[in-house]
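The values are calculated or read from the model by the stated rules, or taken from the named source; none is laboratory data. Everything quoted here is computed from the prediction, not taken from an experiment. Heads up, the Cβs are rebuilt from the backbone with ideal geometry, glycines too, and the neighbour counts pull from every protein chain shown.
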Amino acid sequence: MASIKELQEQACAANKEIEHRGLALYTWGNVSVFDRDSGLFAIKPSGVPYSELSPPMFPIIDLDGKRVEGKLNPSSDTPTHAILYKEFAIHDGALMRSIIHTHSTFATAWAQACRSIPVFGTTHADHAPHAIPCTRYPSASEVGGDYEMETGNLIVRTFRNVRDSRLIESTDSTELYNMKPLHPDYVQMIIVAGHGPFAWGKTWNESVYHGVVLEELARIALLTEQLNPGSTNLPNYIREKHFARKHGPNAYYGQKNDNT
Ligand SMILES: [Zn+2]
């Protein structure tokens, strides 16, 4: 079990990293770090510039989104993080221990276009066997209610009911990765229509890594469509090969425990 101090230290390092990686201007992004045993997570305090962050400033939040420790107000996106941990990490048993949310430029552009990011090439297939899903717009009642919590619910529904999400462009798959619904351990990224990207990982380093990867996949996909507006999905047999060699049961890419 991670101590509160450890959660705060990791969350602080993660939030400083998103600025270092160029994923967020001003305070346009947040990372949280979750301990499954205690059901608590540390998240960026609202409105504090990354350069001014220190570990004791990080509020500790329970799965109902309530602050149980710390003096500063948590990020306004805290209820979204709480829902994703509750549904994916606890209910589904996903290895989600950290979540990143930013408004990084290219991923946000696809979100604003309300488009899932197609699997055009092996860079994408190395990280996800499917299109990066885009949710629908939140409804008026979702926005008028507990908006941030409903954003989390919208993400969960998109994963669990991929056929009805309307915006998934490519849901075909192989026997091995025939995931309908999508599983948050295999597709660790999503974009929320009209808003921006969320990503996660087994550690804070991995969630920031996925935030960076998602931004690059979005950039490459846009360039691909500019060069050839008729670009099509990578053939399934190439897509499957690339995902399986990194993440399949007989993965052989990289060194043991290597993430790159
Ligand atoms: Zn946002």
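Take the residues of region 211-241 that are of a type outside the set (A, V, I, L, M, F, W, C) and within 16 Å of the ligand (Cβ to nearest atom): which is surrounded by the most Cβ atoms within 10 Å (Cβ to Cβ)? Among them, the one singled out is G211. Only one of the listed residues (P138, P133) is surrounded by 24 or more Cβ atoms within 10 Å (Cβ to Cβ), without any contact (Cβ under 8 Å) to a residue 60 or more places away in the chain and either under 14 Å from the mean Cα position of the chain (by Cα) or within 15 Å of V192 (Cα to Cα) (or both). That residue is P133.
For region 192-207, the tally of residues that are within 16 Å of the ligand (Cβ to nearest atom) and within 14 Å of H127 (Cβ to Cβ) stands at 4. Any residue that is in a helix (DSSP H, G or I), among the charged types (D, E, K, R) and touching a residue at least 40 places away in the same chain (Cβ under 8 Å) - is there at least one of those in region 78-88? Within region 78-88, one or more residues are in a helix (DSSP H, G or I), among the charged types (D, E, K, R) and touching a residue at least 40 places away in the same chain (Cβ under 8 Å). When A24 is tested against (1) small (G, A, S); (2) modelled with pLDDT under 95; (3) over 19 Å from S104 (Cβ atoms), exactly one condition is not met: (3). Look at region 14-36: where a residue is away from the ligand (no atom under 12 Å from the Cβ) and a partner is of a type in the set (S, T, N, Q) and assigned to a helix (DSSP H, G or I), sitting 6+ places away or on another chain with Cβ atoms under 6 Å, you get V31/N15; V33/Q10.
C134 meets each of the listed conditions (1) within 24 Å of R21 (Cβ to Cβ); (2) within 16 Å of the ligand (Cβ to nearest atom); (3) modelled with pLDDT of 95 or more; (4) touching a strand residue (DSSP E or B) at 6+ places or on another chain (Cβ under 8 Å) apart from (3).
Considering region 79-110, and only residues there that are within 16 Å of the ligand (Cβ to nearest atom) and surrounded by fewer than 24 Cβ atoms within 10 Å (Cβ to Cβ), the residue that is farthest from E19 (Cα to Cα) turns out to be I83.
Would you confirm, using the coordinates I've provided, whether I168 is modelled with pLDDT of 95 or more and either touching a Pro at 6+ places or on another chain (Cβ under 7 Å) or basic (K, R) (or both)? The answer is no for I168.
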